[in-house]
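Q: I have a structure here, written as structure tokens, and I will follow up with some questions on it.
The values are calculated or read from the model by the stated rules, or taken from the named source; none is laboratory data. Fair warning: this is a prediction, and the values are worked out from it, not measured in the lab. Quick reminder, even Gly has a Cβ in these numbers, built from the backbone with ideal geometry, and neighbours come from all protein chains shown. Side chains included, ligands, DNA and RNA excluded: accessible areas come from the protein's heavy atoms. Shrake-Rupley method; radii C 1.70, N 1.55, O 1.52, S 1.80 Å.
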Amino acid sequence: MTDQWSRLMPLLEAAVREGDVPPDLKLHTHCSGTDCIAIALAAGASLARRSGLPHFAPKHLLSCENEPFKQAYLARNFPDVLLSPDVSLLAETPTGARFSTVFRGEAIVPPCDLLVGGSSCKDFSNLKMKYHVGGIEDEGTSGTTFRGIVENMFKDGANGPKLVLLENVESAPWHKMEEYINGRVLLATINDKLRGSGKCSTSGDADEEDEDARGGAKKGAKAEELTFKLDGSGAFLSVDSSPAHVGVREGVRLLGVADDIDAKVRPFGKQVLKALGKRCTLSQLAKAAGLDMSGKKLTGKRLAEVKASGRHQVDQYYENTSVLVFEMPCEYRTQRVKVDTKEFGLPQTRSRYYMFAWRVDAFPGVPHRDIGEGWVRLVEGLKAPLLYPVSDFLLSDDHDIARRYRDMLQGRPGEQFAMHKGKGDFYSDTTLKQVKGEERGVKSYQPSFDLEVNLGFKQGAGIPKFARPFTHWGPNGVLALRSPYEWTEYIRCLGRRAVDLIDACSVKVAEAHVDALHQMVIWDISQNIHLVASLNRPGTSCCITPGGKNYLSSLGRPMFGYEKLLLQGIPPDKLLLGRETEVQLSDLAGNAMSMPVVSAAVLAALCVGAFCRKLQALEIEPTADDALARVLAAASATAAAGGSGAHSGAQNGAPNGAGKAKKANKSNQADGAAASNAKSSAAAVAAQKAPMKPLLAPAPTASDRNLLEVLRELCADTALLDRVVASSILCACETSGRISADSILQCSECMCSVCCGCTIRFEASSHALCPACPAQRPRLPFECERELRARLPAALRLSLGDLAGELDADVAACLADGLEFRLARLVRARGAWQLWYCAYSEGAGSSLADLRINLGSISTRRGACALLYSLDKARRKVRGKAEPIARLVLYEGAVAGAWERRADAAELRLHLAGSEPTISWRAALELTKLQHERWPGRLEVRASGAVPSGPSGAGRQDGARQDGARQDGARQGGVRQGGARQDGASPTTAARLVEGTYERQGCKGSCARDALYRRVEPAPTASHPLTWLIYLPEPNHNGPCHPAISLSPSYGEGASHALLDLPPDWLPDHALGTALGPEGAEVGAAVKRRKTGGGSGESGGAESGGGACDVDAFVRVWTATTLSFTVPSETTTVKDGHEATVVCTVVAAHRAAEQLMRHRAQDTRGALTVEWRCLEHAEPPPRSLQGEFTIPSSKDYEPESQSDLLGDARALARMRTIEAGGVCMDEVEFHDETLPHVGFTLEARATYRCPLGGGVLADVMGGGKTVTALALIAAGRQRAAEGLPKGSPHQLKATLVVAPPILLQQWDDERKKFTGDKLRSIVIRSPSALKQVTNPTDGV
């Protein structure tokens, strides 16, 4: 978003200078969700001030929202903004008049320059519009909010908002909505019966009663025709009735007809009006006035010419451009554009229309068509590439939000909810409905609509009715998940319809070779299955909708509301969120506009006038590809020179036939300005992207230790490794911080583990589970973290050695000799702990490199594995996964071990022969069309020689280059090619490691595509370790899986243990001689098949037959290097055996005190004190800094010595002392923060002591609460009388008592009983009674 404002800042400066945009732009928002546009404008104004435009200071003045929790959100985040509870009621109040706010106060409606509105999409959705449940005229939320926004535009007449921006879904009646605003109806489309929200016919076999309730019409029903009536003077026609598909309101005056949207209006002559009579239809008017009603669309050459001219139109092009023009309170022009959120840098498929409406006097001197086209070009020019996948927007499972959510699911509320949701059988769900084909009223119990939809989807996809291979759900809560990595407790709490949807969609995407358990696919399971997109674009999410439940297939959990806000581009950390539930946060995100999209639309609206004038002045064709770049260059040059003549050449009607010399001169000037600006911009960019100075460690000394020695000591400590593995994540139920009390079982084949408690809801029959983790598991996982922090160095020093001369320039900018790596985090992972060391630039401004060390289970053994990554791609904003530059692998008890670097690329030709066909993973999912697909049970892998490759890649097979990741991997993570290959890394060595006989294992769900082939011959030895053929997903499951041969059965260790990569389109059935690859297409040239066995069937090989194929594999070559990490002596040399840590207490103390001091800048009555302390991580504190929560009581106070009403008046004494300011109250705020790199916790407590402002009088029924309150009122009356002069109109202070109506008389009786005539009262039972006792002169 910042890039958008930076890019158009020269145009924004010109727009402010030319008067298009007032410096104090006044913003109103109507039903726009989170009001993120106000956040975007504030960020743009901040950037403008830094860019030399200090006068641009937009003001957010008014917002309209009717939901209470959203009103609370707006009040917290925008405290100075007026809030209206109803957009329709606000439309009845003109600017400058008083209106009722959300909090029942009154305020003046402020003026508005920019109105941003988002009418509800509930009734404009595809399903609702299909059955015509709602429309603009229907009393639905969508039509009501839209009409309210339009009325707010028109309520001030010609002084309406200068600029308006509206957003909604694609299926909204946009034609009609535009006609409502601009008052111009295209004659070519006016006779469309089904356009927009027109009377669309409902299903022909639906019940008639249902049809009436929905307001639909029968099939073939004709739409009504637009009719007019003549006014009393006979001079004008006004709309008498309007059909549903035309956006014209009744009573609007018809001004005439125009040739197009920008042409001059031609009124109808008196003879035409006289011939029509008092009432007429549009057909009669067209006949009398000779109007062209043809609706022929442009085709062929003419359509190509119109499109080539750059004219932007979101729907069809018509030959007839005539429009009917109606009189509007304020004259606007409109333009709309279709946008998708993923085209603006956010990984979310959210397709929306934005409509820009501008007042006709908003941009003087610029044709309206140019404004619309220019706005569209600016919006499209602000698109941004999609750099980050959806996984980068997701929280880790150990985040506080995820932990709290899982605690609720695993607790008693979750258990009760799961029991409620699991009752009954979804496939027995029936409703009483009309019998098709029978007379009206003949009904019977039939499958519910949800069940019909699910069964219809399964039937169309070729999935058997009772196929549930991923969840095996059944009636009354039966569940057996296929994967051991899903959130069982969450899936239990889903309805059976949603669980059946997960099963059906998982099977459906398998047809495209997508394993939903290991490749992230996101489904909105709150929708019916026929509305759900089964397969997303890799790395993107489905649309965020209000109330939607976005399910993350590879994680087996929902998407949280916090994550949805992030996917909308809204920074939750900068918002003041209260106690919103997950449903409310999801609603906030779903109703919000995507921030970069609405920011681009608003910014384009502000700059479009200056943009169009620059185009005219420079005589640049709007259709030119570089039009925006040249305009920005000219605007920057003008701003740099301090020129003010940008408007002089931008008058309306600039001659298009200017001489070639003049045009060339202006073009050359623009090109020169562009070149000058490009040079300055390049210099600025070069200055911004200059290599950051890395943060270096102290100079090495003789006493420094090597990291390799430290890791060897850790791997030699068997007891430590036992504790590390025992405290790691060994079951999916432990990913959020807990440790299961049940014993752990581990599969001896795929090495997945699960606790005994979770095996009840896990399909464990395919795994060879046996008891694991003999060590005693700790109560809390942080006990091991504390021990590791005590034994690990806090900082490391990098020595590149011979790697220094082999690095690319981009990588070398991030890595340098002496670079300091600091211990940033200890992450609890599956079977291990991850140690994250990070290197930063000076000032910690940027991360340069990562060193990640896994300690615990490594492959089938235990030990440590370290990987060094360069973050140059992230710094350069280049997409693609990061490959490790160097690695270190140490096993338990191993003495040897050395760092290795990625060497040059090598390819190896393999011969794979399959036999003993078994059922494939897709056939096991019961897909009908793939029921004959077979995979080999045994694979013979033999190397047939290295692939020759020259400098130009001659002789290399095309299939080896199909995957972009393989090409990027050829650079070896930033290590240059061309070095001499060492003997230990030759393709011959790789061939020796992978050759042999592989046997398919039966593990399901734990491996991608259930593909796990273990080498059984030759037997594993020290020089011939065990290898597996598996599928490796992309990092964070963002892309497709590709086959590889690895030293580990876990694909999580593919970066460190994979030996070679097979072609991405290779499938195991190719080794049986199959003819087709993925999705029925021929595989690439890298796979050459030879059928060696007879048989028949769709998969090629018979049950007893076999086949073979040749593939060109990509070998991952590692060679020894002298790279090393040392532990600087300054971090290990300590005084008296203790390390000294200096902490900064200001941050934690400020955060604790900030909440107390907010809005109390003028309150000087109290005193603030702050305490702090530093504790070791997870150390049980000796005394809680928070203290115990206590409620002050009046029991310790002596009774009042003198009282006219009470004998024992302890409560009265307390209350009088409080009112006199004699009782102080302590408000306490607590904050704790984990200090990075050292593992300590800093705790701070802020206490604000001030006079108590009130209290709660609580006692048993009949305890004297009423009489105590009356005594306090009487005492206050006496003090007020003594403190004010006689005759003062406010001599006595009145006390307001608010009580339920049933208790009003009781209060009055008690007053009379105890005070007689000493206290008088006024009882107000209604607003009318309040008006009777209100003085109209002073409002009292």
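Q: Quick one: length gained pulling Ala716 to Lys465 fully straight, 0.36 nm per residue minus the C-alpha distance?
A: Using 0.36 nm per residue and subtracting the Cα-Cα distance, I get 84.8 nm.
Q: Per residue and in Å³, how big is the convex hull formed by the alpha-carbon atoms of the stretch 483-607?
A: Dividing the Cα hull volume of the stretch 483-607 by its residues yields 131 Å³.
Q: Rg(Cα) of the stretch 332-471 divided by 2.2 N^0.38 Å? Walk me through the intermediate numbers first.
A: On the way: Rg = 26.1 Å, N = 140, 2.2 N^0.38 = 14.4 Å.
Dividing the Cα Rg of the stretch 332-471 by 2.2 N^0.38 Å gives 1.81.
Q: Then there's this: Picking from Ser351, Val366, Leu298, whose Cα lies most toward the positive end of the charge dipole for the stretch 293-416 (charges on Cβ: Lys, Arg +1; Asp, Glu -1)?
A: Leu298
Q: Related question: Between Ala874 and Asp742, how many nm apart are label points set 7 Å from Cα along the C-beta direction?
A: Once both label points are built, they end up 3.6 nm from each other.
Q: Two-decimal Rg/Rh of the stretch 43-128 from alpha-carbon positions, Kirkwood Rh?
A: My calculation puts Rg/Rh at 1.05.
Q: Give me the one-decimal Kirkwood hydrodynamic radius in Å for the stretch 445-507, with the sum taken over alpha-carbon pairs.
A: Mean inverse Cα-Cα distance, inverted, gives 12.2 Å.
Q: May I ask you to derive the FRET efficiency for Val1256 and Lys1313 from their Cβ-Cβ distance with R0 = 25 Å, giving the value to the nearest 0.05?
A: The formula returns an efficiency of 0.55 here.
Q: Right, another one. Rounded to the nearest 0.05, what FRET efficiency do Asp626 and Gln1305 have when you use their Cβ-Cβ distance and R0 = 60 Å?
A: The formula returns an efficiency of 0.15 here.
Q: Of Lys70/Lys574; Lys26/Lys342; Lys229/Lys270; Lys70/Lys155; Lys264/Lys297, which sit over 21 Å apart, Cα to Cα?
A: Lys26/Lys342; Lys70/Lys155; Lys264/Lys297, as the Cα separations exceed 21 Å there.
Q: Further, regarding this structure: Highest mean first, what order results for 1298-1305, 547-554 on Cβ atoms within 10 Å?
A: 547-554, 1298-1305
Q: Given H placed 1.01 Å from N in the peptide plane, which residues other than close sequence neighbours of Leu82 have an amide H under 5 Å from its amide H?
A: Leu62, Ser63
Q: Sticking with this one: So, by mean Cβ neighbours within 10 angstrom, what's the order for 488-495, 729-736, 233-240 with the highest one leading?
A: So the order, starting with the most tightly packed, is 729-736, 488-495, 233-240.
Q: Hey, got the dipole for the stretch 730-785? About the Cα centre, +1 on K and R Cβ, -1 on D and E Cβ, debye to the nearest 20?
A: So the dipole magnitude of the stretch 730-785 works out to roughly 140 debye.
Q: While we're here: State the Cα centre-to-centre distance between the stretch 316-347 and the stretch 421-454 in whole Å.
A: Their Cα centres are 43 Å away from one another.
Q: A follow-up question, please. When the accessible area of the stretch 315-376 is split by element with a 1.4 Å probe, what percent falls to carbon and sulfur?
A: 43
Q: List residues of the stretch 796-839, by number, whose backbone nitrogen lies under 18 Å from a label position 7 Å along Cα→C-beta of Ala894.
A: Answer for the stretch 796-839: 832-835.
Q: Project the alpha carbons of the stretch 344-412 onto their principal axes and report the range along each, largest first, in whole Å.
A: Taking the Cα atoms of the stretch 344-412, the three principal extents are 67, 28, 17 Å.
Q: Need the C-alpha centroid separation for the stretch 723-778 versus the stretch 141-168, integer Å.
A: That distance is 59 Å.
Q: Each label point is 7 Å from the Cα along the Cα-to-Cβ direction; what then is the distance between the points at Tyr388 and Leu432, in nm?
A: According to this spin-label approximation, the distance is 5.5 nm.
Q: Under a point spin-label approximation (7 Å from Cα along Cα-to-Cβ), what is the Glu1171-Glu331 distance to one decimal in nm?
A: 7.3
Q: On to the next question. Roughly speaking, to the nearest percent, how much of the stretch 694-751's 1.4 Å accessible area is carbon and sulfur? List each step's numbers first, then the result.
A: Numbers: 1220 of 2250 Å².
Answer for the stretch 694-751: carbon and sulfur cover 54 percent of the accessible area.
Q: Using a 1.4 Å probe and counting only protein heavy atoms, arrange Tyr388, Tyr1031 so the residue with the most accessible area comes first.
A: Result of the area sort, largest leading: Tyr388, Tyr1031.
Q: Roughly how many whole Å is it from the C-alpha centroid of the stretch 360-416 to that of the stretch 835-864?
A: 31
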